[in-house]
1. Working carefully through the options Asp180, Asp174, Asp139, Asp157, find the one that is farther than 24 Å from Glu89 by Cβ and either in contact with a Cys (Cβ under 9 Å, 6 or more places away or on another chain) or of a type outside the set (Ser, Thr, Tyr) (or both).
2. Could you list, in sequence order, the residues of region 139-169 that are loosely packed, with under 14 Cβ neighbours inside 10 Å and in a strand (DSSP E or B)?
3. Taking only region 98-113 into account, find how many residues are of a type in the set (Ser, Thr, Tyr) and surrounded by 12 or more Cβ atoms within 10 Å (Cβ to Cβ).
4. Of all residues in region 114-138, which are in a strand (DSSP E or B) and open to solvent by 40 Å² or more (accessible area, probe 1.4 Å)?
5. Could you tell me whether region 205-221 includes any residue that is modelled with pLDDT of 85 or more and out of contact with any helix residue (DSSP H, G or I) (no Cβ under 6 Å at 6 or more places or on another chain)?
6. In contact with an Asp or Glu (Cβ under 9 Å, 6 or more places away or on another chain) and farther than 19 Å from His226 by Cβ: which single residue out of His150, His137 fits that description?
7. Within region 73-88, is there a residue that is open to solvent by 40 Å² or more (accessible area, probe 1.4 Å), assigned to a loop (DSSP other than H, G, I, E, B) and at pLDDT below 90?
8. Would you mind stating whether Gly65 is open to solvent by less than 10 Å² (accessible area, probe 1.4 Å) and at pLDDT below 95?
Amino acid sequence: MSARKQGDGQPEDGGATAGKRLKIAKFSEDPEKKGLSRRLKDAEISLPIVYGTIAFYLGRKASDGLFVSTVIRSQSHKWTVYVRGATNEDLSAVIKRVVFQLHPSFNNPTRVMEAPPFELSECGWGEFEIAISLFFHPDVCDKQLDLYHHLKLYPEDESGPQSTKKPVVVESYDEIVFPDPSEAFYARVQNNPAVIVPRMPAGFNISAPVAPENTSERERGDTKDHPLSQWFMNFSEADELLKLAAARQQPFMEMIYEN
């Protein structure tokens, strides 16, 4: 998949990873929960996401202190790791919390984000793999999804001085697929712009079992006006992928329910 940055300038060498369809396993057959919510058999709900890092070099003064002070050494770069909507929509209707597992050298390396935007910022000098665990609302899925992202601080071309103005940006695009979703899940997200839902037959309707979303609260969870949004990758095929995914889900001629 090709990608380009949304801002006018270009970031230092980073990269974008082509998308994958990550199909979540179906609900476990818990006999106590079975029957609490009917399921839309053979349907799929999808959530396109982007996860990645943006790293800024803090300049020569920080680098010159690398061999002098371990405190200064830890300040050579400032970086942010995040999970966002593919089109910067709020993900909180599906994702309940995100856990970032940092390198054990960090204080409190397990960071839990209970509300959007799902992100954290830190300072450091070394690159390492960050484990990202997504946890979903009870009517979405009872299993977590584990992702892995390599924090990149330095551009591929290290022949010249690293810029303090242009960050190193690395992002991955994936589509999380929830098979046989519950009616409750479908009802909550059927009009949510972050989610791809199946097209139902004419006249088919499921009323939402919960109160309507608070629009002002929902808008606070998107990343459209994020301070780093100028550096986010604009996945040029994202809109086409959303349309193709929606087209794959043809209207159901007959709805089959699982109790």
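1. Of the residues listed, the single one that is farther than 24 Å from Glu89 by Cβ and either in contact with a Cys (Cβ under 9 Å, 6 or more places away or on another chain) or of a type outside the set (Ser, Thr, Tyr) (or both) is Asp157.
2. Within region 139-169, Asp146, Tyr148, His150 meet the criteria.
3. Restricting attention to region 98-113, the residues satisfying the condition of being of a type in the set (Ser, Thr, Tyr) are 105, 110.
Subsequent filtering for residues that are surrounded by 12 or more Cβ atoms within 10 Å (Cβ to Cβ) retains 110.
Residues in region 98-113 being of a type in the set (Ser, Thr, Tyr) and surrounded by 12 or more Cβ atoms within 10 Å (Cβ to Cβ): 1 in total.
4. Glu119, Ser121, Glu122, Glu129, Phe135
5. no
6. Selected residue: His150, the only one of His150, His137 that is in contact with an Asp or Glu (Cβ under 9 Å, 6 or more places away or on another chain) and farther than 19 Å from His226 by Cβ.
7. Yes, the conditions are met somewhere in region 73-88.
8. For Gly65, the condition - open to solvent by less than 10 Å² (accessible area, probe 1.4 Å) and at pLDDT below 95 - is met.
The values are calculated or read from the model by the stated rules, or taken from the named source; none is laboratory data. On a predicted model such as this, the values are computed, not experimentally measured, just so you know. Cβ sites come from the backbone with ideal geometry, for glycine too, and all protein chains shown count toward neighbours. The area values use the complete protein model at the heavy-atom level, side chains included, leaving out ligands, DNA and RNA. Shrake-Rupley method; radii C 1.70, N 1.55, O 1.52, S 1.80 Å.
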